[in-house]
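Here is the structure we will look at, set down as structure tokens.
The values are calculated or read from the model by the stated rules, or taken from the named source; none is laboratory data. Because the structure is a prediction, the values reported are computed rather than measured. Positions of Cβ are backbone-derived with ideal geometry, glycine not excepted, and every protein chain shown enters the neighbour counts. Accessible surface areas use protein heavy atoms only, side chains included; no ligands, DNA or RNA. Shrake-Rupley method; radii C 1.70, N 1.55, O 1.52, S 1.80 Å.
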Amino acid sequence: QQIQEDLNKQLLDNLVSFLSRSHSDFQEKTTEWTCRMKFREIPTAALVLGVNVTDHDLTFRGLSDVLQDNITPYVALLEAKDCPGVKNLMQKLMGQLMNCDIDVDSLEDEDCVQVSQNRIRCSMPSLISWYESVTKKTDSETPSKKRNSSSRHWQSPPVVVIFKDMESFTTKVLQDFIVISSQHIHELPLVLIFGIATSPMIIHRLLPHSVSSLLCIELFQSLSCKEHLSTIIDKLLLTSRFPFKLGEKVLQVLINIFLYHDFSVQNFIKGFQLCIVEHFYSQPLSVLCCHVVDIKKRVYSLSHDQCENIRRLPSFRRYVEKQESGKQIELLTNDSFLKEEAEKLLEDLHVYHENYVSILRCLHVFTSSLPKYPLGKQIRELHCACLENRVWETEEYESSLQLARMLNKTDLVTMLQQCVEILMSSSGKEFDKTVGKLKEFLTQFQNLEAEASQERDVSVSSQKELQKKTDLYHLQKTLLELKESRRSKKLTKFEMLRFEVVDYIDSLVRRYLVPADDRTLHEILYFNAATVLRGHLNAAPRTALHTALNNPHWYLKNQALKCDGGGISNKAPDICIVYKLHLECGRLINLVDWLEAFSTVVMAAEEPNADAASSDQVDDIIHARFIRAVSELELLGFIKPSKQKTDHVARLTWGGC
């Protein structure tokens, strides 16, 4: 939430500045406001937020809070679903401004709102008279109260109306409201804010020129949702502050849902929270997913069963196999020795994270400056590539190195300076030598500039000497030497230094950007259950419905419903029995046969009753239960009535799930 507030700060500051200017024009009755009033123009902010509609609520809440804290207490947020007509819009507007609840359903035939004991007509003159009475009341307050209120709000604060989803409003509602408001703009300092998900052109598509000309529009653009996501990943995942980490496949699932479904950062955060809950719920060793300072305390409080869980981890088993036989026996039999080793391994894992993030940022400095972005422009793409496998073994990395070996000196020096800043700000303790080496490269580049200027002077003097030589033999000899030197094409000092810099960065990558899966005990900190996450987030309603109807024990956990061999239990709900029977039928299902089969299953465990009257009554109950179950099946879309035969229904679903 703090990150999102920081990202929206610039946008909100610009909007506050716009509203302050609009209000000051009204307050001082300047020439600009007089001209605007003459033309009946309403100050309007077109706020383009992007297609990630689910993130808009947080932005509008933040905007409303900022306006109420700094500009005006009179802010109304309107949604299209609540405003099918102008009357409903005015009811919502006045209800929010006057801090009273409006029940739109109860006021369908009325256009009044209940304020205290009075009923106020929902119209623009009523709103104006209310505004004048409220502002006069503020002006008549004691000087101390007035001073306190003026410190937060203006003396005659504007009335801000926010249309959260402008595209969803009907054209007639917007037109009528704007036309009515423009006729009273000289009495009411009204400011409109349009929340736009698509393009600013939607204003001109929804409103004819005669109406849009009544608006004085200023455009505001929010931060791109992709940049927003990159910042979230940078601050939440690529940091050593939080011990919990996402595995490559899990992170890829969340990013794919973001890119191909909704562009919603809020939904990405919810998915991230779901990963945390799932990890701490399903991983018995998640108690060790903690900060470095707490590792020792938690490791030494482990029980014998938890120690056995550590020994079962695949990464720990690989680690044990690499040790000598004596240490292997201690690790597998001695819990105290295991705890000491686990403490060291977990501390090493935290150190690995700190170093990984720093070197990843350094590598991103190089790859993001390349012309073709072989490893991606965003740091999240590079992070996924490093988590997936050894990045230095990929073709994209090789092509990135080739492009880096062709960078000019200015770019190289800039990148090295950025890398020095990243490593110096890092909490890792292993980068002192690395920083020293990078500074040494920078010094060598500076020395190259001095040497290059001297070489230019020497070349100029040699050319002058060449011009002075009139002897044909000496002239031919000198030209042949120049030709031979060009043919041999030796590397210059700059090219050799550039190769050395790139090779050094490559050595850092190979040392520190090892995939997390290669680290011992990574299962404790990393959540890798991508299939579980996909099952939660990527809904498969038909599969879930089939499972519930075909095997109700899966959800209800009732042992009486458990049946083996594909049988049908008479204890199952009626709809489950009907559903399993319909799976055995063809395209058309005879209702009479279906009823008999249903009755046979239901009556299977009941004793035959000799009383004919009670038997008929039971048949009627079974018949009613069957009709209800078939109706529910039709409602779910599994069958439909058939026009071919009146006593048959048509089956609509086929194949397994």
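One table, with the values for the structure above:
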{"quantity": "Members of the range 312-325 that are under 11 Å from Leu521 (Cβ atoms) and open to solvent by less than 50 Å² (accessible area, probe 1.4 Å)", "calculated": "Leu313, Ser315, Phe316, Tyr319"}
{"quantity": "Selection count where residues are in a helix (DSSP H, G or I) and either of a type outside the set (A, V, I, L, M, F, W, C) or more than 30 Å from the chain's Cα centre (by Cα) (or both), scope the range 503-519", "calculated": "11"}
{"quantity": "Single condition Val113 does not satisfy, out of (1) modelled with pLDDT under 55; (2) touching a strand residue (DSSP E or B) at 6+ places or on another chain (Cβ under 7 Å); (3) of a type outside the set (D, E, K, R); (4) part of a helix (DSSP H, G or I)", "calculated": "(4)"}
{"quantity": "Some residue of the range 555-570 being at pLDDT 85 or above, open to solvent by 30 Å² or more (accessible area, probe 1.4 Å) and within 27 Å of Asp647 (Cα to Cα)", "calculated": "no"}
{"quantity": "Every residue from the range 74-87 that is buried (at least 17 other Cβ atoms within 10 Å of the Cβ) and either in a loop (DSSP other than H, G, I, E, B) or among the polar types (S, T, N, Q) (or both)", "calculated": "Tyr74, Cys83"}
{"quantity": "Residues being open to solvent by less than 70 Å² (accessible area, probe 1.4 Å) and closer than 30 Å to Val287 by Cα - total across the range 529-554", "calculated": "7"}
{"quantity": "Every pair of residues 6+ apart whose Cβ atoms lie under 7 Å, when the first sits in the range 409-438 and is surrounded by 16 or more Cβ atoms within 10 Å (Cβ to Cβ) while the second is polar (S, T, N, Q)", "calculated": "Met415/Ser369; Ile422/Ser358; Leu423/Ser358; Leu423/Thr434; Ser426/Ser358; Gly428/Asn355; Gly428/Ser358; Phe431/Ser358"}
{"quantity": "Residue satisfying condition, being modelled with pLDDT of 90 or more and not charged (D, E, K, R), within set Val53, Val104, Val48", "calculated": "Val48"}
{"quantity": "Top-ranked residue in the range 152-187 [being open to solvent by less than 20 Å² (accessible area, probe 1.4 Å) and of a type outside the set (A, V, I, L, M); ranked as modelled with the lowest pLDDT]", "calculated": "Pro157"}
{"quantity": "Answer from Gln273, Gln266, Gln252 - the residue that is within 16 Å of the chain's Cα centre (by Cα), under 24 Å from Asn355 (Cβ atoms) and open to solvent by 40 Å² or more (accessible area, probe 1.4 Å)", "calculated": "Gln252"}
{"quantity": "Top-ranked residue in the range 378-396 [being free of Cβ contacts under 8 Å to residues at least 40 places away in the same chain and surrounded by 15 or more Cβ atoms within 10 Å (Cβ to Cβ); ranked as nearest to the chain's Cα centre (by Cα)]", "calculated": "Glu381"}
{"quantity": "Tally of residues being open to solvent by 10 Å² or more (accessible area, probe 1.4 Å), part of a loop (DSSP other than H, G, I, E, B) and free of Cβ contacts under 8 Å to residues at least 60 places away in the same chain across the range 276-301", "calculated": "4"}
{"quantity": "Some residue of the range 75-85 being assigned by the TED database to the domain that holds Ile193 and at pLDDT below 85", "calculated": "no"}
{"quantity": "Residue in the range 618-638 that is surrounded by fewer than 15 Cβ atoms within 10 Å (Cβ to Cβ) and modelled with pLDDT under 80 present", "calculated": "no"}
{"quantity": "Hey, Leu497 assigned to a loop (DSSP other than H, G, I, E, B) and more than 23 Å from Val391 (Cα to Cα) or not", "calculated": "no"}
{"quantity": "Complete set of residues in the range 61-99 that are among the hydrophobic types (A, V, I, L, M, F, W, C) and touching a strand residue (DSSP E or B) at 6+ places or on another chain (Cβ under 6 Å)", "calculated": "Leu67, Val75, Ala76, Leu77, Leu78, Leu93, Met94, Leu97, Met98"}
{"quantity": "Checklist (1) among the hydroxyl-bearing types (Ser, Thr, Tyr); (2) within 34 Å of the chain's Cα centre (by Cα); (3) surrounded by fewer than 16 Cβ atoms within 10 Å (Cβ to Cβ) applied to Thr333, failing item", "calculated": "(2)"}
{"quantity": "Helices (runs of 4 or more DSSP H) fully within the range 319-428 counting 1 or more residues that are assigned by the TED database to the domain that holds Leu288, in contact with a helix residue (DSSP H, G or I) (Cβ under 7 Å, 6 or more places away or on another chain) and hydroxyl-bearing (Ser, Thr, Tyr)", "calculated": "335-367, 395-404"}
{"quantity": "Residues within the range 188-211 that are farther than 11 Å from Arg40 by Cα and either in a helix (DSSP H, G or I) or open to solvent by 30 Å² or more (accessible area, probe 1.4 Å) (or both), tallied", "calculated": "12"}
